[in-house]
1. Give Val75, Val85, Val22 a once-over and let me know the one that is open to solvent by less than 30 Å² (accessible area, probe 1.4 Å), closer than 23 Å to Asp119 by Cα, under 16 Å from the mean Cα position of the chain (by Cα) and at pLDDT 85 or above.
2. Name, by its number, the condition in (1) in contact (Cβ under 8 Å) with a residue 40 or more places away in the chain; (2) in a helix (DSSP H, G or I); (3) open to solvent by 30 Å² or more (accessible area, probe 1.4 Å) that does not hold for Val16.
3. Ala57 is checked against (1) open to solvent by less than 80 Å² (accessible area, probe 1.4 Å); (2) outside any helix (DSSP H, G or I) and fails just one. What number does that condition carry?
4. Only one of Ser92, Ser115 is at pLDDT below 95, among the hydroxyl-bearing types (Ser, Thr, Tyr) and open to solvent by 70 Å² or more (accessible area, probe 1.4 Å). Can you tell me which?
5. Pairs under 7 Å by beta carbon, first residue part of a loop (DSSP other than H, G, I, E, B) in the range 74-87, partner open to solvent by 90 Å² or more (accessible area, probe 1.4 Å), six or more apart or different chains?
Amino acid sequence: SENSGAWGPRGYLESVVGSDRVVERAQQTSSALAALLSGHGLPEALTEALRIQDPAAVEILEGLATHLGLATADVAVMFDPEMIVLQGDLFSLVVDRIRQLVDGAISWPVRIEVSNLGDDVVLQGAIRVARDAANEMLARL
């Protein structure tokens with residue numbers, strides 16, 4: 001069944017760090033972050049809440065960093081890449097902590113960067129794949 005896992009149709013990581021889940025946790029607190037979410041998107045609200053040192057924002061961000069850092073370390077162990085590129089607004093807030101966790105979990109260096117391609121990175125990738133496929137088809141003519 002589609003809802004076969006303990007976390008429903010989502011995997012564990014998405015059930016913990018998905019932006020809608022983060023917003024739910026923040027809204028359950030009576031914090032500055034919860035108030036900021038009514039007028040801002042999640043990355044902006046978290047950034048502002050961190051600026052004013054809101055304890056709920058600090059706790060939520062540390063949880064995000066821990067889960068994402070350990071997941072990134074798992075990817076590094078499984079695939080042994082030279083570099084891992086993270087995409088999304090929240091990663092800029094936690095990339096340093098992710099680097100620390102990965103460095104502590106594995107014994108070889110892995111470069112971890114946040115993409116600067118913006119929100120249309122998936123579209124850009126799809127266009128690149130389509131263009132490459134078209135070029136291969138044309139080359140066979």
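1. Val22
2. Among (1) in contact (Cβ under 8 Å) with a residue 40 or more places away in the chain; (2) in a helix (DSSP H, G or I); (3) open to solvent by 30 Å² or more (accessible area, probe 1.4 Å), the lone unmet condition for Val16 is (3).
3. If we test Ala57 against (1) open to solvent by less than 80 Å² (accessible area, probe 1.4 Å); (2) outside any helix (DSSP H, G or I), just (2) comes out false.
4. Numbers: Ser115 fails: open to solvent by 70 Å² or more (accessible area, probe 1.4 Å).
Exactly one of Ser92, Ser115 is at pLDDT below 95, among the hydroxyl-bearing types (Ser, Thr, Tyr) and open to solvent by 70 Å² or more (accessible area, probe 1.4 Å), namely Ser92.
5. Within 7 Å, the pairs are Glu82/Arg111.
The values are calculated or read from the model by the stated rules, or taken from the named source; none is laboratory data. For clarity, every value in this text was computed on a predicted model and none was experimentally measured. Note that we place each Cβ from the backbone using ideal geometry, even for glycine, and neighbour counts take in every protein chain shown. Keep in mind that these areas ignore ligands, DNA and RNA; they rest on the heavy atoms of the full protein, side chains included. Shrake-Rupley method; radii C 1.70, N 1.55, O 1.52, S 1.80 Å.
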